[in-house]
Structure formats: C-alpha cells, structure tokens
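The values are calculated or read from the model by the stated rules, or taken from the named source; none is laboratory data. Since we're looking at a predicted model, the values are computed, not measured. No Cβ is skipped: glycine too gets one built from the backbone with ideal geometry, and neighbour counts run over all protein chains shown. In case anyone asks, the SASA skips ligands and DNA or RNA and just uses the protein heavy atoms, side chains included. Shrake-Rupley method; radii C 1.70, N 1.55, O 1.52, S 1.80 Å.
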Amino acid sequence: MNKFVASFIGSPPINFMSGQIIKRERKFFFDEGKFQVKLIDGMYPKVAPYVGKEIVMGVRSEDIYDKLFASEASPENTVRATCEVVEPLGSEVYLYLNSGKHNFIARVGAHDRPEVNRDMDLVFDMSKVHFFDSKTEETII
C-alpha cells in the first residue's frame, strides 16, 4: 500500500490527483492537466525542487467547496468540474466530480445540491492540501 494512502485510512474520502508543479510570474501552481491551482506562499520553498516533476496532490473531500458558498475565494484556486453524482447523506452531501482527468469527491453541506451532469465551479482550500513525491511516495508537504 502506498505510504501516502496509508496515512489517510479511516479519514473522510481523500482525493489524490497526479500533476506537476509549475512556476509562473513568481508564483507556484499545481497543474493537474485540466486545471491549475495556486499554492500558498509558505509552500514555495518545499515545492521549488519539484518544478516540472510529476507529483501527487492529496485533498480531503471536506476541503473542496462549491464556489457559490465560497464567494471570497480566489479565481486562482477555482476549478471547473462536472458533477456526476449527488449523494445526500442527511446533514451533508457527497458530490462525485470529474475534472476531465481525475474523479474526485467533495463533501458539502446539505443545502448544496447541484444538478447532475452539469459543470460547476469548486474551490480548493490550498492551506489544507498535501503533496507527495510520485516516485518515492514521500511527503513533500
């Protein structure tokens, strides 16, 4: 079992996405292939050696928000994805999403019920993501 997968067993659904770190205009981004999200400044020293290299980003389902309910979110952290399934679970809803490259899950409040098979804007809480070296499986952040 992968080291980074084992560290999240027993947690709410975790999403793993492969991509690479890119640098543009003195900012670092995770480039998934279909979307890019800006890393927070404090991550720069640790990710700088990985520019242009394949890495894995891990983000918990509860750290992905519907843009409708995160109005102050930066456009640099907004991702467009297709909502494929809406699973109501009482006080929360799981959204099964597809970026065009990866499937992932967002855990949102019960009030959030987007239409199935529609694109929606999502916001990643970049202060809570983790990055892993795809070759060694070691944690970067």
| request: Evaluate the following for T82: is it of a type in the set (S, T, N, Q), in contact with a helix residue (DSSP H, G or I) (Cβ under 7 Å, 6 or more places away or on another chain) and open to solvent by 30 Å² or more (accessible area, probe 1.4 Å)? | output: no
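Could you pull out the residue among K128, K135 that is outside any helix (DSSP H, G or I), open to solvent by 70 Å² or more (accessible area, probe 1.4 Å), in contact (Cβ under 8 Å) with a residue 40 or more places away in the chain and within 18 Å of L39 (Cα to Cα)?
Testing whether each residue is outside any helix (DSSP H, G or I), open to solvent by 70 Å² or more (accessible area, probe 1.4 Å), in contact (Cβ under 8 Å) with a residue 40 or more places away in the chain and within 18 Å of L39 (Cα to Cα) leaves just K128.
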| query | Condition test on V93, is it over 13 Å from D121 (Cα atoms), surrounded by 14 or more Cβ atoms within 10 Å (Cβ to Cβ), of a type in the set (A, V, I, L, M) and without any contact (Cβ under 8 Å) to a residue 40 or more places away in the chain? | reply | yes
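Only one of I40, I105 is touching a residue at least 60 places away in the same chain (Cβ under 8 Å), β-branched (V, I, T) and buried (at least 16 other Cβ atoms within 10 Å of the Cβ). Can you tell me which?
Values: I40 fails: buried (at least 16 other Cβ atoms within 10 Å of the Cβ).
After applying the criteria, what remains is I105.
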